[in-house]
Ligand SMILES: [Ca+2]
Ligand SMILES: [Ca+2]
Ligand SMILES: [Ca+2]
Ligand SMILES: [Ca+2]
């Protein structure tokens, strides 16, 4: 255990944790993996995050949404060598988070910069302005890079509450699934319930129509997963899915009374037909992906090289011919 120093206050909501290096009595053993645990109680009976990694051996960046404002957390690690033998758990370190600077005015569980400003937005079609409707069951925001409004609703019968709803900076579908298009930003939310293992029916509403081939994707179990069980509703302006604490759709993977959900709409690059060819509300702008662009540049480069080679050879033959003459 190394950084942040034990009992440090005002730590960012996405801190970087760092341990001391691995040591082993067996000379030829090496550091193979590290198991990280983060809890909001000192005896680790309620974990917030648990991650065993072969890459994050001594440094771990805590992802967005996991930590809350002004709260104390406890973390510890154990190391595994190349024979899968583990050290004992380290002595825990503690830190307390800062007050978020992103959700102050109004403090409503939506980053201020992403608040919907217009008074005529009603994504969930209930004749109430979404701007005035934000509560524990409904939140909405603007994806700034896409200029799309998104609302999220959970049914009150789920006995859960949405704590925070935000676009996500550091997690993006196309980093891993190159055959999938998506909006430029993923979205995430955090929901609480009294019962561990709870499930929620969640509806995402969009200001633009979705393609019938659109599929909700969610990042959990360290990979992107397709939500085949989704239902497209409201004339393809909304997607309804079911998420379960500790299971499908839960980023933290723990049955802990908290659902952390990261997701986005994805559609196959082969299926980019616009849902509405008249242009009203269609969101499927055709895009040349970076991969295609690179291929075009490569072909261009090869053609230019060939032309140059032919010209060079012909000039050489011409000069040679003159010399021989
Ligand atoms: Ca060893
Ligand atoms: Ca706010
Ligand atoms: Ca509404
Ligand atoms: Ca959970």
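Per-structure values
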{"read-out": "Hits in the range 86-101 - residues which are touching a residue at least 12 places away in the same chain (Cβ under 8 Å) and part of a loop (DSSP other than H, G, I, E, B)", "value": "89, 90, 91, 92, 98, 99, 100"}
{"read-out": "Residue check for residue 142: within 19 Å of the chain's Cα centre (by Cα), in the same structural domain as residue 259 (by TED's automatic domain parsing) and not in a helix (DSSP H, G or I)", "value": "yes"}
{"read-out": "Subset of the range 130-155 [touching a residue at least 60 places away in the same chain (Cβ under 8 Å) and over 12 Å from residue 185 (Cα atoms)]", "value": "140"}
{"read-out": "Residue 116 under 16 Å from residue 216 (Cβ atoms), away from ligand 1 (no atom under 16 Å from the Cβ) and surrounded by 14 or more Cβ atoms within 10 Å (Cβ to Cβ)", "value": "no"}
{"read-out": "Looking only at the range 84-113, and only at residues there that are within 16 Å of ligand 1 (Cβ to nearest atom) and surrounded by fewer than 11 Cβ atoms within 10 Å (Cβ to Cβ), the one that is farthest from residue 36 (Cα to Cα)", "value": "84"}
{"read-out": "Selection from the range 53-71 of residues that are part of a strand (DSSP E or B) and surrounded by fewer than 15 Cβ atoms within 10 Å (Cβ to Cβ)", "value": "53, 59, 61"}
{"read-out": "Residues within the range 55-72 that are touching a residue at least 40 places away in the same chain (Cβ under 8 Å) and under 22 Å from residue 44 (Cβ atoms), tallied", "value": "11"}
{"read-out": "Residue satisfying all of: in the range 17-47; outside any loop (DSSP other than H, G, I, E, B) and farther than 13 Å from residue 66 by Cβ; nearest to ligand 4 (Cβ to nearest atom) among these", "value": "35"}
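The values are calculated or read from the model by the stated rules, or taken from the named source; none is laboratory data. Source: prediction; values computed, not measured. Cβ atoms come from the backbone with ideal geometry, glycine included; neighbour counts cover every protein chain shown.
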